[in-house]
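Values in this text are rule-based calculations from the coordinates and carry no lab data. Quick caveat: nothing in here was measured; it's all calculated off a predicted structure. Counting neighbours? That spans all protein chains shown, and the Cβs are built from the backbone with ideal geometry, glycine included.
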Amino acid sequence: MNQDPLALPQVFVVEEQVDLTLLELCQASHAEETLIISWVLEGVLNPWGDSPQSWRFRGDALRRARTAWRLSRDLEINPAGVALALDLLDELATLRARLDRAGIR
């Protein structure tokens, strides 16, 4: 089967108001359940619910889970390292936004 080199990648649009189950987040982010659970334990993701079976994630958790998955896969970073890297990326985004608002960047 020939693939069209100009074909667009598959894209998922998820509203931030949408709640995802653990299984749905795993499927959408390509991460295994054990990895998602380890990210929750490290504070990378913050679901609500009493147990993994009842966890619900906001739609914006998908972006964070995908970034975490790429860090884990591409750079072979462990869950604690992923948490640190994401905290640093968040801080960088905050600082860039401040510079933009100040008209410096």
> Taking 0.36 nm per residue of separation and subtracting the Cα-Cα distance, what length does fully extending His30 through Leu88 add?
Replying inline: 18.6 nm
> Ranking Trp69, Trp48 by Cβ neighbours within 10 Å, fewest first, what do you get?
Replying inline: Trp48, Trp69
> By its C-alpha gyration tensor, with a ≥ b ≥ c as the square roots of the eigenvalues, how is region 19-102 shaped: rounded for a/c under 1.5, else prolate for a/b larger than b/c, else oblate?
Replying inline: prolate
> Could you give the length gained on full extension between Arg73 and Gln53, defined as 0.36 nm per residue of separation minus the Cα-Cα distance, in nm?
Replying inline: 4.7 nm
> Name the GluC sites (Glu not before Pro) in region 25-89 that are in a loop by DSSP and that have at most 15 other C-beta atoms within 10 Å, would you?
Replying inline: Glu32, Glu76
